[in-house]
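To start, the structure itself, in structure tokens.
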Amino acid sequence: MGKMAAAVASLATLAAEPREDAFRKLFRFYRQSRRGTADLGAVIDFSTAHEAPGPRPGVPKVVRFHLNVASVTEQEACRAGLKPVSQWRAYGLEGYPGFIFIPNPFLPGCQRHWIKQCLKLYSQKPNVCNLDKHMPKEEAQSPWEQSKEFLRSKEVNKRRPRTLLERLRWVTLGYHYNWDSKKYSADHYTPFPSDLAFLSEQVAAACGFQGFRAEAGILNYYRLDSTLGIHVDRSELDHSKPLLSFSFGQSAIFLLGGLKRDEAPTAMFMHSGDIMVMSGFSRLLNHAVPRVLPHPDGECLPRCLETPLPAVLPTNSLLEPCSLEDWQVCAAYLNTARVNMTVRQVLAPGQDFPLEETKRLPMEETKRDITASGLCHLDEQSNPVKRAMLNPDS
């Protein structure tokens, strides 16, 4: 407990120092943090929140969030690979109204379907991805097909060039998000995946958001050296609807701050299968991912991913079998990576995009790398140019 208190006190001192805003100071601190040290003593772990003895000084109090159990039937939850809502645990944080955290509510083995969808199906054309900037569309047609044999190989040469799947950083679904204008539009629209829409709508309903429509998704693919810069998700035209975030693979640290960057953020772990919902006041707060944490036992998967999908799925299930060969590719990828899906409703019922946002943008505008935005992007610490962008004072 002494180490915990010391960690919280040192973070408070760090955030209060002048020159740099409090959020960026803690972002830099956690980006350089190490597992097994006091560095992570102030990070909230919702997976063990029910075992926690009580609130910690300097850390927001974790409170139970009461889900709308009657809004999702057991059959509907099972269709999406989720436990009955009555078996979920959900939490909020004092001082962050509208923030909801649901530690892994997936049925055993069912995360594998969503991981395979992110890596194999959602990454395909016509969905737009960061690879479009670097190669012709036909070459980036299916990162999975061009990568699977390399990833499945047992003799992985760490010096070999990264496969297309390992170079994937983001994919957009539904309404496309333009990283330069920071706006959504109907240009480059692709049909939103029906299985992901159903999953998102069940989670939203369980949290009290009936009528939520999944219209846009951004998939972020993280390596161990990736970060997600400090940003606010304000580009959706309807902010009354929640933002849903699904995590798979290696754990990461998530920072949730305030309306301004001079407010010190709260740190929490995101483990595989965890779901976050940002709504109401928390919908427009600064947030970031400064660190993906390598597994303490080396290159291996979180324990919750060791269980395979059931051999026989319910007849109405949206989940599809995952072959041993496909899972070998997924597992090889996730040994040193994580995937995050964020799902949003962009428009209010009956709303349309403003006229200027429906004009078709030149193709080159949509091909620019996400890193050009300087606001919400996956960064890699191994790149000194990108490090300088994130840390101009170093």
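Laboratory data are not the source of any read-out in this text; all were calculated from the coordinates shown. Keep in mind that what you see is a predicted model, and the values were worked out from it rather than measured. Here Cβ is always computed from backbone atoms with ideal geometry, including for glycine, and neighbour counts include all displayed protein chains.
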| query | With a 10 Å Cβ neighbour count serving as the proxy for reagent exposure, in which order, fewest first, do Lys260, Lys120 appear? | reply | Lys260, Lys120
| Can you give the alpha-carbon Rg of the range 60-390 over 2.2 N^0.38 Å, where N counts its residues? | 0.95
| field | Amide H partners (placed H, <5 Å) of Lys183, local residues excluded | value | Asn178
| note | Treating every alpha carbon of the range 142-225 as one equal point scatterer without solvent, the Debye formula yields log10 I(q)/I(0) values at q = 0.10, 0.14, 0.23, 0.25 Å⁻¹ of -0.40, -0.70, -1.11, -1.18
| note | Spelling it out for Ser272: with amide H atoms placed in the peptide plane at 1.01 Å from N, the residues 5 or more places away or on another chain with amide H under 5 Å from its amide H are Gly249
| request: Return the distance in nm (one decimal) between the two label points of a simple spin-label model at Lys260 and Gln75, each offset 7 Å from Cα along Cα→Cβ. | output: 5.4
| said: Report, in listed order, any pair from Lys83/Lys120; Lys120/Lys241; Lys25/Lys241; Lys148/Lys183; Lys133/Lys241; Lys25/Lys120 with a Cα-Cα distance greater than 27 Å. | reply: Lys120/Lys241; Lys25/Lys241; Lys148/Lys183; Lys133/Lys241; Lys25/Lys120
| query | Expressed as a rounded percentage, what relative contact order does the range 60-390 have, with Cα pairs under 8 Å and six or more residues apart? | reply | 25
| query | Ranking Arg169, Arg28, Arg291, Arg64 by Cβ neighbours within 10 Å, fewest first, what do you get? | reply | Arg64, Arg28, Arg169, Arg291
| Spatial separation of Cα centroids for the range 276-334 and the range 104-134, in angstrom | 10
| Which residues' amide hydrogens lie under 5 Å from the amide hydrogen of Ala337, considering only partners 5 or more residues apart or on another chain, with H built in the peptide plane? | Gln250
| query | Got a sec to turn the phi values of the range 82-94 into Karplus ³J(HN,Hα) couplings, 6.51 cos²θ - 1.76 cosθ + 1.60 with θ = phi - 60°, whole Hz, x for Gly and Pro? | reply | 10, 5, x, 4, 5, 9, 6, 10, 9, 9, x, 10, 4
| query | Got a sec? How would Val171, Val69 order by Cβ neighbour count within 10 Å, fewest to most? | reply | Val69, Val171
